[in-house]
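**Q** Please find one structure pasted underneath; my questions will follow.
Here, each number is a calculation from the coordinates, and none is a lab measurement. None of these values were measured; they are calculated from a predicted model. Cβ placement follows ideal geometry from the backbone for every residue including glycine, while neighbour counts extend to all protein chains displayed.
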Amino acid sequence: MRVVSGIQPTGNLHLGNYLGAIRNWVKMQDDIAASGEEGSECLFFLADLHAISMPHDPAELKAGTLEMVAALVACGIDPDKSVLFNQAQVPAHAELQWLLTGTARMGWLNRMTQFKDKSGKNREGASLALFSYPVLQAADVLLYQATHVPVGDDQKQHLELARDIAQKFNNDFCEDDAPVFTLPEPYIPPQAARIMSLRDGSAKMSKSDPSEMSRINLSDDADTIMKKVKKAKSDADALPSEAGGLEGRPEALNLVTIYAAITGKSVEAVLGQFGGEGFGKFKPALGEVLVETLSPISARFRELKEDRESLDAILARGAAKARERGARTLDNTYKALGLVRG
Ligand code: TYM
């Protein structure tokens, strides 16, 4: 089992990343370590090369990259158990992307909803990197022969594209019994809820939302978390006692989903407990469970982010391992394409 996943180091780690992805990375890492299975491994990386696809401030990207390492370690990613690195120190990601752009089809990329969302009305002014981004994402996982890619629901389409690229490349350039690439499985655990904005139950919680009140950051202190939950958009009705009663109430559904995800309960169980209560009672309870789970993480994060030397060392060690893990596949890709390298 080869687990590979990434996160963009832009801005703070927020509750959506944590409940949708990172918490699950930690679980997969610990399960693999406990199984002692030979050859099984997790690789987690900061997708810094992806971060330049949108207008960005270089100083912020640099600071954000180091902060994100601190945040991941604070959440439980252990650099002794997992390979933790950033793409910029492993040139094979960019190389493999180029090699795969010969296989990826324009029509496939045209269908990517994230490009449509992020470019908005200004398609002509979007960067080429934003358009070709999913090919880099395919390279990220194919380079390491990933079998499982834990992601939130919003990344599923990109992962399907990675499978299409791998399949076409294997068909076009490889013998049937010697494919260069493994087809990766998107792994979206059932409890990996899609967490929505606290201000709008129909938009996902995101670091690109201009409103700080729309998300809970893992670095928020207890007061900030309580305030954001208190101000979160909700409605005037009491909570229903069954999940069907949340239909047409996206904000209520989101808050209940967050409560369920953070406590590991089902939505039904949460409604069993709070059905009939209004938000005046539910919100403080939600704030409390959030603070309880997040405060040890944010305390560790604040400590780690000051230790620049350790953060640099973690990334350097991870990158050396990643370069080694990806070397053979990169080489095989050049060879399969007929590119002469001496
Ligand atoms: P990114 O940085 O936007 O998000 C990192 C992970 O967090 C999940 N996520 C969410 N899950 C639930 N609710 C939300 N509101 C929410 N917001 C984010 C994402 O699904 C993701 O799993 N393109 C990727 C990074 C990437 C990558 C890869 C991932 C680059 N290469 C290769 C997997 C494999 C991205 O921008 O994620």
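**Q** Return the Rg/Rh value of the stretch 88-235, two decimal places, where both radii are evaluated on C-alpha atoms and Rh is the Kirkwood radius. Before the final figure, lay out each step's value.
**A** Values: Rg = 18.7 Å, Rh = 17.6 Å.
In the stretch 88-235, Rg relative to Rh is 1.06.
**Q** A further question on this structure: So for 163, 328, fewest C-beta neighbours within 10 Å to most, what's the order?
**A** Arranged by neighbour count, lowest to highest, 163, 328 become 328, 163.
**Q** Moving to a separate point now. Angle check, please: helix 92-101 long axis (alpha carbons) against the longest principal axis of the chain (alpha carbons), in degrees 0 to 90, nearest 10.
**A** Tilt relative to the chain: about 80 degrees.
**Q** Over the chain, what lengths in whole Å, largest first, do the semi-axes of the equivalent ellipsoid take, defined as the square roots of 5 times the eigenvalues of the alpha-carbon gyration tensor?
**A** Here the semi-axes work out to 36, 22, 20 Å.
**Q** While we're looking at this one, here's another question. Tell me, what does the Kirkwood hydrodynamic radius of the stretch 94-152 come to in angstroms if you use every pair of distinct C-alpha atoms?
**A** After inverting the pairwise mean of 1/r, the radius is 12.5 Å.
**Q** Any idea how far the Cα center of the stretch 246-321 sits from the one of the stretch 1-71, in Å?
**A** Between the Cα centre of the stretch 246-321 and that of the stretch 1-71, the gap is 17 Å.
**Q** Additional query: What does the extension gain come out to for residue 147 and residue 241, with contour length at 0.36 nm per residue minus their alpha carbon separation?
**A** Result for the pair: 29.9 nm of gain on full extension.
**Q** Related question: Computed FRET efficiency, Cβ-Cβ of residue 172 and residue 61, R0 45 Å: what is it to the nearest 0.05?
**A** 0.80
**Q** Nearest 20 debye, what's the magnitude of the dipole of the chain about its Cα centre given +1 on Lys and Arg Cβ and -1 on Asp and Glu Cβ? Don't jump to the answer; show the numbers that get you there.
**A** Values: 39 positive and 46 negative charges, 145 e Å.
So the magnitude is around 700 debye.
**Q** Now, a different point. List the residues whose amide H sits under 5 Å from the amide H of residue 6, counting only those 5 or more places along or on another chain, with H placed 1.01 Å from N in the peptide plane.
**A** Result for residue 6 returns 45.
**Q** Given a Förster distance of 25 angstrom, what is the FRET efficiency for residue 268 paired with residue 302, based on the Cβ-Cβ distance and rounded to 0.05?
**A** Taking R0 as 25 Å, the efficiency between residue 268 and residue 302 is 0.10.
**Q** Helix 279-304 against the longest principal axis of the chain: what's the angle in degrees, Cα atoms only, rounded to the nearest 10?
**A** Tilt of helix 279-304: around 40 degrees.
**Q** Now, a different point. Check cross-link reach from residue 156 to the lysines: straight Cα distance under 18 Å, and skip same-chain residues fewer than eight apart.
**A** In chain and number order, the partners are 116, 118, 204.
**Q** Check which residues have an amide H placed less than 5 Å from residue 14's amide H, if you skip close sequence neighbours.
**A** Those qualifying (amide H under 5 Å, at least 5 residues apart or on another chain) are 218.
**Q** Given a cut-off of 21 Å, what percent of all Cα-Cα pairs of the stretch 1-139 lie beyond it?
**A** Above the 21 Å cut-off, the stretch 1-139 has 50 percent of its Cα pairs.
**Q** OK, next. Considering every Cα-Cα pair within the stretch 212-303, what fraction, in whole percent, is farther apart than 19 Å?
**A** Summing the P(r) of the stretch 212-303 above 19 Å gives 38 percent of all pairs.
**Q** When only C-alpha pairs under 8 Å and at least 6 residues apart count, what is the relative contact order of the chain, in percent? Mind dumping the intermediate values first?
**A** Numbers: 524 pairs, mean separation 79.7, N = 342.
Relative contact order of the chain: 23 percent.
**Q** Would you please state which residues of the stretch 203-244 a label at residue 123 would reach in this model, taking the label point 7 Å out along Cα→Cβ and a backbone N cut-off of under 20 Å?
**A** none
**Q** Right, next: Evaluate the Debye formula for the stretch 289-335 with equal point scatterers sitting on the alpha carbons, no solvent, and hand back log10 of I(q)/I(0) at q = 0.27, 0.31 Å⁻¹, in q order, two decimals.
**A** So the normalised log intensities work out to -0.91, -0.99.
**Q** Here's a follow-up. When only C-alpha pairs under 8 Å and at least 6 residues apart count, what is the relative contact order of the stretch 212-303, in percent?
**A** It comes to 38 percent, rounded to a whole number.
**Q** If you place +1 on the Cβ of every Lys and Arg and -1 on the Cβ of every Asp and Glu, how big does the dipole about the Cα centre of the stretch 212-303 come out, in debye to the nearest 20?
**A** For the stretch 212-303, the charge dipole is close to 240 debye.
**Q** Oh, and also: I'd like to know which of 256, 267, 218 lies farthest towards the positive end of the charge dipole of the stretch 212-303, counting +1 on Cβ of Lys and Arg and -1 on Cβ of Asp and Glu.
**A** Checking the options against the dipole of the stretch 212-303, the answer is 218.
**Q** Ratio of the stretch 1-63's C-alpha Rg to 2.2 N^0.38 Å, to two decimals?
**A** Its radius of gyration relative to the 2.2 N^0.38 Å reference: 1.35.
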